[in-house]
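Below is one structure; the comments refer to it alone.
The values are calculated or read from the model by the stated rules, or taken from the named source; none is laboratory data. Computed from a predicted model, the values in this text were never measured in an experiment. With ideal geometry, Cβ positions are generated from the backbone for all residues, glycine too; neighbour counts draw on all protein chains shown.
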Amino acid sequence: MKETQKIGAHVSTAGGLINAVIKAKEIGANCIQIFGSSPRQWLTRFPQPADVENFKQAYQKESIAPLFLHAAYLVNLASPDSVTREKSEKNLAEHLTIAERLGAQGLVFHLGSGKESPKAKAIKLIIESCRRILKAVPGVTSLTLENSAGGGERIGSSFEELKIILEGINSSRVKVCFDTAHAFEAGLIEKYDKDKIAALEKKVDRTIGFENLLLLHTNDSKTAFNSHHDRHENIGKGFIGIEGFRALARSKFGKYPWILETPGFDDLGPDKQNIDRLKKCLT
């Protein structure tokens, strides 16, 4: 694997932000994703300035970059319920503020579901919220749209939907995170082999454009193609398989940071074994 290639993971900040850097070193990651605050609460707890500075010094010293943050799971900008939308917008803006303070390249978030609402209306709500958030939180950190597995009327299961949102927001600070498991589960790609990945590349070129791709969430899938069930699996243990990631590494997708969100072989989250498996794919 080339030194410039980035293989990382979502790591815990339990006990303090700096522990994310320690964990990254332990598992051999050279880039990371973290939560800026609890992903399961509306209340946002902002890190103390001293903790922010120590964390930034630590990841810069260890050359662990880029840094990404993941937003709270509760966020649903597409919700037909106005109270949920207001809470989501406020929470996402607060997490983007944390991401800016930490020097993150992007804040990845799930677009949510419009449920019984028409998709066009749900997408319009997402666009309007993102515009307000970017205006409220100036800076350089990208608000990063993640593709979905598509179940439960979730938005973003196709590149066409992501394109509409990108063009609607119309900001250089909006990018895309491509999740390998979600794409497979949504029916975007049946098998990660040379030919189907080439077709996927053409679709990206026609829709969102590779210039708007910021990172990959490289997860194997516990569920079958087109299942619309979002279930991550350890690398090589799911329906995508080692050969799928090896083929992906030899495509345009191999040039971007790869972030693991796998359960871990010890069920404690992304681990060295998952990192090493991806590194071998990139050699």
### Message
I need the full set of residues from segment 152-163 which are buried (at least 21 other Cβ atoms within 10 Å of the Cβ), in a helix (DSSP H, G or I) and either of a type in the set (A, V, I, L, M) or modelled with pLDDT under 95 (or both), in order please.
### Response
162
### Query
Within the group 8, 16, 28, which residue is on the phi > 0 side of the Ramachandran plot and touching a residue at least 60 places away in the same chain (Cβ under 8 Å)?
28
### Message
Here's a check for you: in segment 132-150, which residue that is surrounded by fewer than 16 Cβ atoms within 10 Å (Cβ to Cβ) and either of a type in the set (Lys, Arg) or in contact (Cβ under 8 Å) with a residue 12 or more places away in the chain (or both) is farthest from residue 101 (Cα to Cα)?
### Response
132
### Summary
Counting only residues in segment 206-246 that are basic (Lys, Arg) and within 19 Å of the chain's Cα centre (by Cα), the one farthest from residue 10 (Cα to Cα) is identified as 222
## Note on the structure
Selection over segment 228-283 where residues are of a type in the set (A, V, I, L, M), under 17 Å from residue 216 (Cβ atoms) and surrounded by fewer than 17 Cβ atoms within 10 Å (Cβ to Cβ) yields a count of 1
### Given (1) out of contact with any helix residue (DSSP H, G or I) (no Cβ under 7 Å at 6 or more places or on another chain); (2) in contact (Cβ under 8 Å) with a residue 24 or more places away in the chain, index of the condition residue 46 fails
(1)
### Query
Quick one: is residue 4 at pLDDT below 95 and hydroxyl-bearing (Ser, Thr, Tyr)?
yes
### Query
Looking only at segment 48-92, which residues are in contact with a Leu (Cβ under 9 Å, 6 or more places away or on another chain), assigned to a helix (DSSP H, G or I) and farther than 14 Å from residue 21 by Cβ?
84, 85, 87, 88, 89, 91, 92
### Message
Given the criterion more than 14 Å from residue 108 (Cβ to Cβ), part of a helix (DSSP H, G or I) and among the β-branched types (Val, Ile, Thr), identify the matching residue among 189, 197, 208.
### Response
197
### Task
Please work out if residue 198 is more than 24 Å from residue 250 (Cβ to Cβ), small (Gly, Ala, Ser) and modelled with pLDDT of 95 or more.
no
### Filter result for the condition that a residue is out of contact with any Cys (no Cβ under 8 Å at 6 or more places or on another chain), in contact (Cβ under 8 Å) with a residue 12 or more places away in the chain, of a type outside the set (Lys, Arg) and under 22 Å from residue 161 (Cβ atoms), over 74, 69, 102
74
### Task
Give me the pairs, please: first residue somewhere in segment 216-236 and under 15 Å from residue 188 (Cα atoms) and in contact (Cβ under 8 Å) with a residue 12 or more places away in the chain, second residue anywhere and among the basic types (Lys, Arg) and surrounded by 18 or more Cβ atoms within 10 Å (Cβ to Cβ), beta-carbon distance under 9 Å, and either six or more positions apart or on two chains.
228/154; 229/222; 230/154
#### Entry: Residue tally, condition at positive phi and in contact with a strand residue (DSSP E or B) (Cβ under 7 Å, 6 or more places away or on another chain), over segment 149-203
3
### Task
Specify which of the listed residues (97, 4, 13) is under 19 Å from the mean Cα position of the chain (by Cα), under 22 Å from residue 216 (Cα atoms) and hydroxyl-bearing (Ser, Thr, Tyr).
13
### Query
Does segment 247-258 contain any residue that is more than 19 Å from the chain's Cα centre (by Cα) and closer than 19 Å to residue 185 by Cβ?
yes
### Summary
Among residues of segment 1-47 being aliphatic (A, V, I, L, M) and assigned to a loop (DSSP other than H, G, I, E, B), the residue surrounded by the most Cβ atoms within 10 Å (Cβ to Cβ) is 29
